[in-house]
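Presented below is the structure to which this report refers.
Each reported figure results from applying straightforward, stated rules to the coordinates on display, with no laboratory input. Since we're looking at a predicted model, the values are computed, not measured. Note that each Cβ is placed from the backbone with ideal geometry, even for glycine, and that neighbours are counted across all protein chains shown.
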Amino acid sequence: MARLDRMPEPMKSHLLNLPCPAFQERPWVSGKPLAERRIAIISTAGLQRRGDRPFEGMTGEYRVISGDITAGDLVMTHISTNFDRTGFQQDWNVAFPLDRLKELAAEGSIGSVAAYHYSFMGAADPSDMEPAARTLALLLKGDNVDGVLLLPV
Amino acid sequence: MGALAHYLESEGLPTTQISLIREHTETIRPPRALWVPFELGRPFGTPGNAAFQKRVLMAALRLLEAPEGPLLVDFTEEAPEGAARGDEGLEGWSCPIIMTSEAGKETDMERLLAAFKREVAELRPRYDLGFEERKRTAVVEFGPQSSPEVLSSFLTGGKLLAGQKKFSLALALRLAAQDLKAFYFEAATARPGSASPSSGEFNRWFWQETAGGRILKAVKERCMQESDESLKKTGAMLLVPLDQ
């Protein structure tokens, strides 16, 4: 369970000691109703297209995932061994809910699903991800995305 | 995760997120976050339960319509079935494949390698069956033939076989270790109609009962004796979970 108070050592201390930046600013952007929004997924699960470069090191780089990717072509190369992968093995939606997002778009709960999604490898230091995140902001706006769903693993 | 939200929102993009470790999210304070009580690796709770996944997803997305923040909202419903079972140590699942050796207890390296080879051969038809049924595998780079070869050749010679030089040794070992576990999971769960183990049940089986688990622990030990820093780090952190 992702509840630190129930988690055995040494996982508990390992997680508590991960670097966690504190921010002074509180950015907040308002927008349209959910039913009109275009949603993109950014995962930190170390996801990539099959055949793309596996994640290696802690450089804050990311991989591009096309919106028409299928479950068989999305693989996980996160470096950590300290989280469950068997859920993702059984059903990719448990970490990357692209099927669910498409269903929500089809039934009108969201406006649309982005043409591209992205993945980082979450063990990287957050500050190393900043340049890539600011680049991604431009790509997402180019895709008319106005709702970003950030997903940990 | 929360840091990415800060960067994107400050560039003008509205964000919402799932939080798995509430303590981290409380420190980072991203604009909108839905904390969920699920285990690490499963931000949408339960594989194969579309209705539940959709409820979690909608709860996270609805935060985009909140008038002000930062917001950290709790999703208190536990993931249905499976997810909590393994953590409690209850018996529910056992591997349906009958192994011919007591591989999990083998200590002599040569005999362990031989037991590993037999075990892989016994698992292979199940893996193939699972792949036929699912039309999908989580194995990334090293298939059921080559991941055991990569790991075994490192244990016997400290290096990669010729023809497997696409990656550095450290990266190849890490990918082979993950691929081996994926192969074992898919083989062990391939029986038609069988229930899947919880993550805890699978981990107990893999790490305590199989030669594959013992091999990964041996690779870890060997890596940590190497002078190469990337091998040392891979051995220390990236092959065997902290709790095994």
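Numbers at a glance
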read-out: Loop GluC sites (Glu not before Pro), segment A:4-65 (other Cβ atoms within 10 Å of the site Cβ: 14 or fewer; DSSP); value: A:GLU25
read-out: Helix A:130-142 vs. chain A, principal-axis angle (Cα, 0 to 90°, nearest 10); value: 20 degrees
read-out: Bridge type composition, the protein assembly as shown - antiparallel percent by DSSP, nearest 5; value: 30 percent
read-out: Acute angle (nearest 10 degrees) that the helix B:109-134 long axis makes with the longest principal axis of chain B, alpha-carbon atoms; value: 50 degrees
read-out: Choice from A:LEU34, A:LEU47, A:LEU140 showing the highest fluctuation, given a GNM over chain A with Cα pairs closer than 10 Å; value: A:LEU34
read-out: Highest-MSF residue in chain B out of B:ASP228, B:ASP128, B:ASP179 [GNM, Cα springs under 10 Å]; value: B:ASP228
read-out: Chain B: angle of helix B:50-62 to the longest principal axis, Cα-based, in degrees nearest 10; value: 40 degrees
read-out: Normalised alpha carbon radius of gyration of the protein assembly as shown [divisor 2.2 N^0.38 Å]; value: 0.98
read-out: Residue range of chain B that is longest and free of trypsin sites (Lys or Arg not before Pro) which are both DSSP loop and sparsely packed (at most 15 other C-beta within 10 Å); value: B:1-134
